[in-house]
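Asks: Would you mind keeping the following structure in view while I ask a few things?
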């Protein structure tokens, strides 16, 4: 049992819960805000159990997922833009609830919940298929190209899952303004993908052949 890994995972999980809670409920000024609690539940309950599974079955994968320090300047910019986007979207959702600027029909909110959970399942499948996944762009010495399963459909299924996750969040929160903010994730992730593929083509053996085999990066038949 890796006590340091367990400690790091628990600290990051708790910090995540506290941070998102503050960003949502403080601007909303309503601790009973139902949409906020729905998002907290569908975000952190699956994350908690996924962390337990990774800790027991794939500690190396969990360790790589906890690593978040980028070394490339271009990717540092991407992380910064994403952080600003999330900050703005969550705070705006809370303010939207507090002032009642816009509301979404209940069916859109629950559709957002379904999309979010399906995307979470997709993300879990990607983690199961690719043991080399990391939150930073890097190539390990023993790394091989993964080309089966979802990786046989698009080259970056993890990012496909995150696009669905992030666009579903403002729907769950019932906030059109936040949804508009979250649309910024699309050009952000396109920038990350282009840089990541440049690194993989240069450093990962067989990746150029994989690109020829799997044409689409993010969405089948579109891009």
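Computed from the coordinates by the stated procedures, all read-outs in this text should not be read as laboratory data. This structure is a prediction, so every number in the text was calculated from the model and none was measured. Note that we place each Cβ from the backbone using ideal geometry, even for glycine, and neighbour counts take in every protein chain shown.
Asks: Which value results when the Cα radius of gyration for region 90-201 is divided by 2.2 N^0.38 Å? Before the final figure, lay out the partial values.
Replies: Numbers: Rg = 16.7 Å, N = 112, 2.2 N^0.38 = 13.2 Å.
Compared with the compact-globule rule of thumb, region 90-201 sits at 1.26.
Asks: Which angle between 0 and 90 degrees, to the nearest 10, do you get for helix 34-57 versus the longest principal axis of the chain when only C-alpha atoms count?
Replies: That works out to roughly 30 degrees.
Asks: Going by how many other beta carbons lie within 10 Å of each one, how would you line up 53, 14, fewest first? Write down the numbers at each step before the final one.
Replies: Numbers: 53 14, 14 11.
With the sparsest Cβ surroundings first, the list reads 14, 53.
Asks: Below 8 Å, C-alpha to C-alpha, sequence gap of six or more: please give me the relative contact order for region 88-219 in percent. Write out the running numbers ahead of the final one.
Replies: Numbers: 135 pairs, mean separation 52.5, N = 132.
Normalised by residue count, the contact order of region 88-219 is 40 percent.
Asks: Got the relative contact order for the chain handy, in percent, Cα pairs under 8 Å and 6 or more residues apart?
Replies: Numbers: 233 pairs, mean separation 59.5, N = 223.
So the answer I get is 27 percent.
Asks: Could you line up 39, 218, 87, 62 from fewest to most neighbouring Cβ atoms inside 10 Å? Kindly include the intermediate steps, with their values, before the conclusion.
Replies: Working: 39 26, 218 17, 87 13, 62 23.
Ranked by crowding around the Cβ, least crowded first: 87, 218, 62, 39.
Asks: Nearest 10 degrees, 0 to 90: what angle lies between the long axis of helix 157-172 and the longest principal axis of the chain (Cα atoms)?
Replies: 0
Asks: Let me ask another. Compute the Kirkwood hydrodynamic radius of region 3-213, taking the inverse of the mean of 1/r over all pairs of distinct Cα atoms, and give it in Å to one decimal. Don't jump to the answer; show the numbers that get you there.
Replies: Values: mean 1/r = 0.0545 Å⁻¹.
For region 3-213, the Kirkwood estimate is 18.4 Å.
Asks: If each DSSP helix of 4+ residues adds -39,500 (n - 2.57) and the sum is divided by the residues in the chain, what number results at 222 nm, nearest 500 deg cm²/dmol? It would help to have the intermediate numbers written out before the result.
Replies: Details: 9 runs with 158 residues, N = 223.
Rounded to the nearest 500, it is -24000 deg cm²/dmol.
Asks: Specify the angular offset, from 0 to 90 degrees and rounded to the nearest 10, of the alpha carbon long axis of helix 106-129 from the longest principal axis of the alpha carbons in the chain.
Replies: Helix 106-129 and the main axis of the chain meet at about 20 degrees.
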